[in-house]
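For reference, the structure is listed below as structure tokens.
Bear in mind these aren't lab numbers, they're just calculated from the coordinates by the rules spelled out. Being a predicted model, the structure only gives us computed values, none of them experimental. Glycine gets a Cβ as well: all are built from the backbone with ideal geometry, and neighbour counts include every protein chain shown.
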Amino acid sequence: MVLNDGKASFLKEACVETFAEAKSAQNNGADVIELCSNLHLDGLTPSLELTQKCLSELDIPIKVMIRSRGGNFVYSSEDLAIMQEQILEFKNIGINQFVFGALSSENTIDIEALERISESVQDSTITFHKAFDEIADFTIAIEVLKDLKNFTHLLTSGGESTALAGVNNLKNFIRQSNNQLTVIPAGKVTAENVISLHNQLQATHYHGRRIV
């Protein structure tokens, strides 16, 4: 937890793809790890072996990305079945926080896909990831997410290439979420700019590859 002049605090979530990165992030003050593979493809599901090692040796919470392939976020029934199986495997080793997003071909939230994933995670929590930034109507999408079981967090750069560029939209998202959904600003958030970003947004949680 970071204190900003003793007045405000926020969580720092580090996005990593190796154990060395995860350990370094924890040692440097990360509060949460998002574990992925293939970040050059915007993040895919990590291996069970890596996840088990992180669970065994880290002291901070671990979120696991659930994304079976690169490319778009429009998933077939077969894609979803693969990811549901991945979730069950991760739950069996003790993971209870997941990161997932799915869109329709019209760039709206794929409610059916999210409901299928929600059933698989059972009582675990889900962060809807940056697929959100491709959505056509953010206002409608946030209302949909607020009503979906298990979806507790939203990772977004406000529809822009970086969180700093998307500040105005992020302010609107935080206001609209009304504490029913935790908005996590992301997109080139670093140890160098997170305080400046926080001074503008007063979010409770920030995400970045180099946030620590």
Q: Can you tell me the FRET efficiency between Ser9 and Val74 if r is taken as the Cβ-Cβ distance and R0 is 25 Å, rounded to the nearest 0.05?
A: 0.10
Q: Give the residue from Val64, Asn169, Leu11 lying farthest towards the positive end of the charge dipole for the chain; charges sit on Cβ (+1 for Lys and Arg, -1 for Asp and Glu) and the dipole is referred to the Cα centre.
A: Leu11
Q: Could you work out the relative contact order of segment 2-208, using alpha carbon pairs under 8 angstrom and six or more residues apart, expressed as a whole percent?
A: 16
Q. Using alpha-carbon positions, what is the distance between the centroids of segment 46-83 and segment 131-173, in Å?
A. 21
Q: Quote to one decimal, in nm, the extra length available between Glu192 and Gln180 on full extension: 0.36 nm per residue of separation minus the C-alpha distance between them.
A: 1.4 nm
Q | In Å, descending, principal axis extents of the Cα set of the chain | A | 49, 41, 30
Q) Using modelled amide H (1.01 Å from N, peptide plane; none on Pro or chain starts), what sits under 5 Å from the amide H of Arg209, excluding residues fewer than 5 places away? A) Cys15, Lys188, Val189
Q) In segment 118-212, if every C-alpha pair distance is counted and binned at 10 Å from zero, what percent goes to each bin? A) 17, 51, 27, 5
Q. Dividing the convex hull volume of the alpha carbon atoms of segment 5-81 by its residue count, what do you get in Å³ per residue?
A. 124
Q: Provide, for q = 0.18, 0.22 Å⁻¹, the log10 of I(q)/I(0) from a solvent-free Debye sum over equal Cα point scatterers in segment 87-172.
A: -0.76, -1.03
Q: Would you work out the charge dipole size for the chain about its Cα centre, treating the Cβ of every Lys and Arg as +1 and the Cβ of every Asp and Glu as -1, and quote it to the nearest 20 debye?
A: 640
Q. Could you give the nm distance between label points at Glu119 and Leu48, where each point is 7 Å from its Cα heading toward the beta carbon?
A. 2.3
**Q.** Net charge of neighbours whose Cβ lies under 10 Å from the Cβ of Met65, counting Lys and Arg as +1 and Asp and Glu as -1
**A.** -1
